[in-house]
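Participant: This structure is in structure tokens; I'll ask about it shortly.
Rule-based calculations on the coordinates, nothing more; no lab input. Remember, it's a predicted structure, so these values are computed and weren't measured experimentally. Heads up, the Cβs are rebuilt from the backbone with ideal geometry, glycines too, and the neighbour counts pull from every protein chain shown.
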Amino acid sequence: MNGGGKWLLIAALLAGTAGPIAAKRDKAAQPAPSQGTSAEPDNPYPSTYKPYPGRPTVIRNATIFDGEGGRIDKGVVFLNEGRIVAIGGPDTPIPADIAVFDGTGKYITPGVIDIHSHLGVYASPGVDALSDGNEMTSPVTPHVWAEHSIWPQDPGFGRALANGGVTTLQILPGSGNLFGGRSVTVKNVPARTQQGMKFPGAPYGLKMACGENPKRVYGAKGREPSTRMGNLAVDRQTWIKAREYQKKRAAGKDQTRDLGMETLADVLEGKILVQNHCYRADEMANVIDMSKEFGYRITAFHHAVESYKIADLLRENGICSAMWGDWYGFKMEAYDGIKENVPLVHQAGACAIVHSDDQDGIQRLNQEAAKALGAGRRMGINISDEAAWTWLAINPARAMGIDQQTGSLKVGKMADVVLWNGNPFSTYTRPEKVWIDGALMYDSSNPKLKPVTDFELGQIGAGDVK
Amino acid sequence: MTVQTNLRSLRAKSRSGKGISIVSRLRSKRTALAILAAVTSTPALAQSIAITGATLAIGDGSEPIQNGTVVIAAGKVVAVGAGVAVPAGAKAIDAGGKWVTPGIVSGFSRVGLAEVPGVRETNDMRATKSPFSAAIDVAPAINPFANPIAISRTAGITRAVVAPVAATSIFAGQGAVVDLGADMNPITKARAFQYVEMGEAGADEAGGSRAATVLTFRMMLREAQEFARAPASYDGRSRDALLNRVDAEALVPVVTGAMPLMVHVESARDILTVLSLRQDFPALKLILAGATEGWMVAPQIVAAKVPVITAGLEDLPSSFEKLAATQSNVGRMVKAGVSVSMGLLTGDDALQLRAATQQAGNMVALTKVPGATGLSWGQALRTITSAPAEAMGLGDRFGSLKAGKAGDVVMWDGDPLEMTSAPVAVWIDGVQQPLENRQTKLRDRYATPTEGAMPKAYEW
């Protein structure tokens, strides 16, 4: 056994002794259940995030994309106490004695929202020890929660902030399973714990997957599902059980708590949003019918490389598509990916989102959107820059159930704001400053205003401009 | 590199394919005929052309000039610059101020080696059960009709370095340089280099440690020397032999320096190890691929006169051999005097050659980020045009718009390093290329998603 192996063994032994004690303590700290054995604790892993200190800030003379399709030239944004206090044209009144940044030649947008990330659950460095995104021991794992895999020290969070202007992201389990587990939405702030990042009040998501991944993973193990029809069959059997569980729960009947069923029952009651990995148009149509069969809503199809083929169906059913700018062809179900997917969905009046699913792509979602925007314009779909910014702002916010709090620059909303040093659809543009809830969390001109994770601290290049 | 691909695989974007494809059985006669027609009817023969009024970038590191002219005859560039006269008989094309550049060169790819990387039957990148390694030559596996070639060509990529993937040895085999023209002759240079893994992936291939990698490398090259001294008496079949006769023979030009050796390493310490191999094998003609931590040892790389092909945007410690990753890597190395090219070192290597312009554009963006080191626009373009051509020893043949070079030219509808831009015309060896591909056909079919009187299948 090498040194690393021995260390792991010791760690495992320690964990074995500490585990039950810790669990007991937690249990004692919880309020006593108020009703029968099926009673669920309300929010057992609550957010501890509090906005960091900010100061009243005004940016003026900038071009503003408000995230809902609006544009203001020579605009003014006023942030105070974590909120957007005022936004408007050059005549917008602002108090006299506060910090004012000149935004001439610069652009202001709401913070970028990535609806599909695995930061923290597939952290850098990408070693097995940090590979925590897929519980591939059963195709049905709605009982696992992505937040319990998140490593807050993943350096990817800071890169997404500094290079991508990402202020909010949804962390999902992977797509090896049909029911992958609960996702969680976090603010892109460094913290010692995942609780310190959790977006207060954001609804949970349920990650589901159709297509090649589940059937390949379990087919290889000689188990169901090994086909697409097997995928749907296992899905449907699971929904039947979930409906039974949900009915009993709603009626206040006693039943043994089942973490997976709790999640699915919440989906059936509309409290948890379905985030469904799916590539092919025909499969999305099958999944839509399944949702009607069992009475739940699909909030968004993720990856959705063939959404352009059924954009009308997606519009009619009010389902968003979270898509890449130009990924295609890496596997069979991605073969028909085209650069015009996003603009075609947008043009059809369906909800279009640009997502990353990647620790590098999340640093350049603005450029991924630019690829789609350019491709759309070339085929005659004339989408304005400000309309295209909805793909990174209000549309993902809606699909994550946080559009009342963030996702656009409206008075009263969270002051999640990026000041870009040029038009953000240009390759030559980078974030200059990023505010989260009114706190300046990144400033390109201040080397100290850039997070350095524990993992990188003391390593070569720590604190370097990345 | 494949290690990282595998790690990413189940996040969502899984690539490995399993089920047996029945595509070949279903392929209709009509499709086969259409393919034949495409081969025989396109492209048009090379003719003399003169592109005038261009915002012209040469690709040699210089900045763009206004109102430039490029003249191409017999498949080659014959004159370039402002104020160049249009020769009689040449077809004049007024660029009207549009950008014109040399064709983009991918400094590292696996294009043509896979149609769908996750579908095993279409994937010729690696041979996990072959008795051969260094002798493997990718050239016959390159499929000029692979859709990723057409898609890349449409995005202005005209040439690419194509490397095999190591499977059973640290040596992966011999890579090629290809053009992406719509014809059946993709090879610019076969057996253009030998490819070897010497970092984390190399340690894995060599039995589990970097020490074993270095020893394996030395011993294999010595066997190649033995083969070269007395080919007839080299016994590649004995149990002690590390190389069979074919692989030993393939490494002879590597030892003699007749064939470049592209070494994949990422960390600063591995780079120094590689450079020190010349103490025992002084003729090695090294090319560094990867070199995410190259900035830390840039002076040593300059002193060794070794070109680097890197990913450019890699800024995460995605592995322990990339702890010092930074987007300033390219800028810092160029500033130190290293010849740097960019390529697909971090995945999507069979598909996304069009990322080259994004990589280059981001190097320009860094010039406006305080504390970062980027590249001027002209320098950035050089990393995806003349620099990779020079790294492969083919700088005299293509990669820049200079008299005597291949007539690989792209005219763009905007600044080529902007993601909203795209080519409006592409020439390879002076032959104008089709800009349609499977993706543009899908786009056109589904411009409106609803079906008309007849199913979509009848719209083509």
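Participant: Mind scanning A:K74/A:K448; A:K50/A:K413; A:K198/B:K322; A:K371/A:K450; A:K50/A:K433; B:K189/B:K322 and naming the pairs with a C-alpha gap bigger than 22 Å?
Facilitator: A:K74/A:K448; A:K198/B:K322; A:K371/A:K450; B:K189/B:K322
Participant: List the lysines whose alpha-carbon lies under 30 Å from that of A:K248, not counting same-chain residues fewer than 8 positions away?
Facilitator: List returned: A:K24, A:K27, A:K207, A:K271, A:K292.
Participant: In debye, nearest 20: dipole of the protein assembly as shown around its Cα centre with unit charges on the Cβ of K, R (+) and D, E (-)?
Facilitator: 800
Participant: Greater than 19 Å separation of Cα atoms is the criterion. Which listed pairs, A:K106/B:K98; B:K76/B:K285; A:K309/B:K456, meet it?
Facilitator: A:K106/B:K98; B:K76/B:K285
Participant: Just rank B:S421, B:S48, B:S106, fewest to most, by other beta-carbon atoms within 10 angstrom.
Facilitator: Sorted ascending by nearby Cβ count, the order is B:S48, B:S421, B:S106.
Participant: For B:W412, what charge total do you get from the other residues with a beta carbon under 10 Å from its beta carbon, if Lys and Arg give +1 and Asp and Glu give -1?
Facilitator: In short, -2.
Participant: Let me ask something else. Take every Cα-Cα distance within chain B, group them into 10 Å bins from 0 onward, and report for each bin the whole-number percent of pairs it holds.
Facilitator: Pairs per bin, as whole percents: 4, 20, 29, 25, 15, 5, 1, 0.
Participant: Each residue of the range B:79-90 in order: what ³J(HN,Hα) in whole Hz does its phi give by Karplus 6.51 cos²θ - 1.76 cosθ + 1.60, θ = phi - 60°, with x for Gly and Pro?
Facilitator: 7, 9, x, 8, x, 7, 6, 7, x, 4, x, 7
Participant: Please compute the contact order of chain A in relative form: average sequence separation of alpha-carbon pairs under 8 Å and at least six residues apart, divided by the residue count, as a percent.
Facilitator: Worked out over chain A, it gives 19 percent.
Participant: Of A:G180, A:T104, A:H148, which is farthest on the positive side of the dipole of chain A, counting Cα position, with +1 on Lys and Arg Cβ, -1 on Asp and Glu Cβ, and the Cα centre as origin?
Facilitator: Checked the options; the winner is A:H148.
Participant: Could you state the number of Å between the C-alpha centres of the range B:143-215 and the range B:220-269?
Facilitator: So the separation of the two Cα centres works out to 18 Å.
Participant: Continuing with the same structure: Taking the alpha-carbon distance from B:K129 and a cut-off under 17 Å, which lysines remain once sequence neighbours fewer than 8 residues away in the same chain are dropped?
Facilitator: Qualifying lysines at Cα under 17 Å: B:K18.
Participant: Residues in the range B:328-344 near a label at B:V302, defined as backbone nitrogen under 20 Å from the 7 Å Cα→Cβ point?
Facilitator: B:328-342
Participant: Where does each of B:E63, B:E321, A:E283 land when they are ranked from fewest to most other beta-carbon atoms within 10 angstrom?
Facilitator: So the ranking, lowest neighbour count to highest, is B:E63, A:E283, B:E321.
Participant: Can I ask one more? Sequence-distant or interchain residues sharing an amide H contact under 5 Å with A:R83, placed H: which?
Facilitator: Residues meeting the amide H criterion: A:A415.
Participant: Moving on. In the range B:274-370, which trypsin sites (Lys or Arg not before Pro) fall in coil by DSSP and have 13 or fewer other Cβ atoms within 10 Å?
Facilitator: Listed in order of number, the matching sites are B:K305.
Participant: Same structure again: In whole Å, how far is the Cα centre of the range A:48-78 from that of the range A:143-178?
Facilitator: What the calculation gives is 25 Å, centre to centre.
Participant: Which value results when the Cα radius of gyration for the range A:111-403 is divided by 2.2 N^0.38 Å?
Facilitator: 0.95
Participant: For the range B:370-441 and the range B:299-331, what is the centre-to-centre distance using only Cα atoms, to the nearest Å?
Facilitator: Distance between centres, Cα-based: 23 Å.
Participant: While we're here: When B:L381, B:L442, A:L232, B:L316 are ordered from fewest to most other Cβ atoms inside 10 Å of their Cβ, what list results?
Facilitator: The fewest-first ordering by Cβ neighbours comes to A:L232, B:L442, B:L316, B:L381.
Participant: Counting DSSP beta bridges in the range A:111-403, what percent are antiparallel, to the nearest 5?
Facilitator: 30
Participant: In debye, nearest 20, what is the charge dipole magnitude of chain A about its Cα centre with +1 on Lys and Arg Cβ and -1 on Asp and Glu Cβ, if you could check?
Facilitator: Approximately 600 debye in magnitude.
Participant: Give me a comma-separated list of calculated 3J(HN,Hα) values for the range A:63-68, in order, Karplus coefficients 6.51, -1.76, 1.60 applied at θ = phi - 60°, integers in Hz, x for any Gly or Pro.
Facilitator: 7, 10, 9, 7, x, 10
Participant: Let me ask something else about it. Scan around A:M441 for amide H atoms under 5 Å from its own, H built in the peptide plane at 1.01 Å from N, and keep only partners 5 or more places away or cross-chain.
Facilitator: Residues meeting the amide H criterion: A:V434, A:W435, A:I436.
Participant: Jot down the radius of gyration and Dmax of the protein assembly as shown, Cα atoms only, both in angstrom.
Facilitator: Looking at the protein assembly as shown, its Cα Rg and Dmax stand at 28.1, 94 Å.
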